[in-house]
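Okay, structure first, notes after.
The values are calculated or read from the model by the stated rules, or taken from the named source; none is laboratory data. In this text, all values refer to a predicted model and were calculated from it rather than measured experimentally. Ideal geometry is used to build each Cβ from the backbone, glycine not excepted, and the neighbour counts take in all protein chains shown. Side chains are part of the model used for accessible areas, which takes the heavy atoms of the whole protein and leaves out ligands, DNA and RNA. Shrake-Rupley method; radii C 1.70, N 1.55, O 1.52, S 1.80 Å.
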Amino acid sequence: MMQHTVRTHFTIASCLRAVVIAGLSLLPLAAHAQEKIKMGTPARVNIGYSPFLLARDMGYFQQEGLDVEIIEFLGTSVLIPQVANKGVDIGFPGADAVIISRQPGRDYMPVRFFYNVTRKNPWDFVVPDDSPIKRVEDLRGKKIGVGALANGNVPIARSMFREMKMEAGRDYEFVPTGVGAPAIRAMTTGQIDVFNGFDATIAFLANAGIKLRYLQQPPKYTNLISNGMMTHEDTIKNRPEMLGKFGRAVAKAILACEADIPHCIRSAWKQYPSLKPQDKTDEQALAEAIPTVTKRMESMLTFADPKAPRRFGEYQPQMWQDYIDVLYDGGEITSKQVDVASLYTNQFVDAINAFDPAKVLADVKARR
């Protein structure tokens, strides 16, 4: 094969033109530099986080100029201080700890929710199918497994039991089991009588072959909002554009995940291989994961008016008042005098929803 050598004669002018052109070619790279964002989770990343992982895999964060790093914490009450001291830019905690922190006499934490993600309570009580326990009222004298005592379900569970005249340590006991294998072991060995966890953690039990039965909770608890996106008040003031972009990428990913849950799950497996059971075929693992992610999507897509256009991220004041009432009735807070407006902001809702859903769905279809 013959090789051809091309000889080029450079002049000072041509060298200057080359330098200018090279410099200009770097401008798009600088203009598209990715802003690094740290997002904190209140638990180990599990299959329930699939929509957030899909936002990275589909390029939604990148399209907004964001490079998102996910950092895991163990519990809402552990995560929120990280947001308050700016250890992470955005957190995904439950709502209870911030409400409790707004009580009179408490130190004010300068944090606020800006995106309503989990619009329905995802926490459930489950028992083995052959358990004599039939209702949550039957849990007197029982051991209740929870992932961690710092988890957001614990204050709500305490409130529920106080209404039933049950006190922790006297009438029941919380047992921190962790999630995954430790929770499975605690259930199968009788270390706990019931497990109180969110959809993805309960899926670990079901996928381990434990036949489970859900205990019905009063509607006032099942309809509560849960985890949302939170940030420091300084970030709202100084980096509002970033928060709108982040929320928009998440909204797109939730819509995309709803449209193709199997792809959503495979995306999570690609980024976190440990989420896929190694002893299962793809088909078996997918069959086990789909119900979990479907249930998580339900909690993210429960809108007050199903016929109205979806307003991703939006909070209603009554959502917070309902939560305050539950915490007060259960003795978790001593005053209902909580400034609801200090808990959240809807100022980014328009930016979050500034995208064409049809284009997202077309993008999903194209990737199938």
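Note on region 162-267: enclosed strands (runs of 3 or more DSSP E) holding 1 or more residues that are open to solvent by 10 Å² or more (accessible area, probe 1.4 Å), within 27 Å of residue 293 (Cα to Cα) and not polar (S, T, N, Q) are 172-176, 194-198, 212-215. Taken over region 179-188, the criterion of being under 14 Å from residue 44 (Cβ atoms) and in contact with a Ser or Thr (Cβ under 9 Å, 6 or more places away or on another chain) is satisfied by 179, 180, 183. The single residue among 297, 242 that is at pLDDT below 95 and closer than 21 Å to residue 61 by Cα turns out to be 297. In region 304-338, what residues are closer than 23 Å to residue 231 by Cα, of a type in the set (A, V, I, L, M) and open to solvent by 20 Å² or more (accessible area, probe 1.4 Å)? Listed by number, the list holds a single entry, 319. Of the strands (runs of 3 or more DSSP E) lying entirely inside region 63-141, those containing at least 3 residues that are over 26 Å from residue 324 (Cα atoms), of a type outside the set (A, V, I, L, M) and open to solvent by 10 Å² or more (accessible area, probe 1.4 Å) span 66-72.
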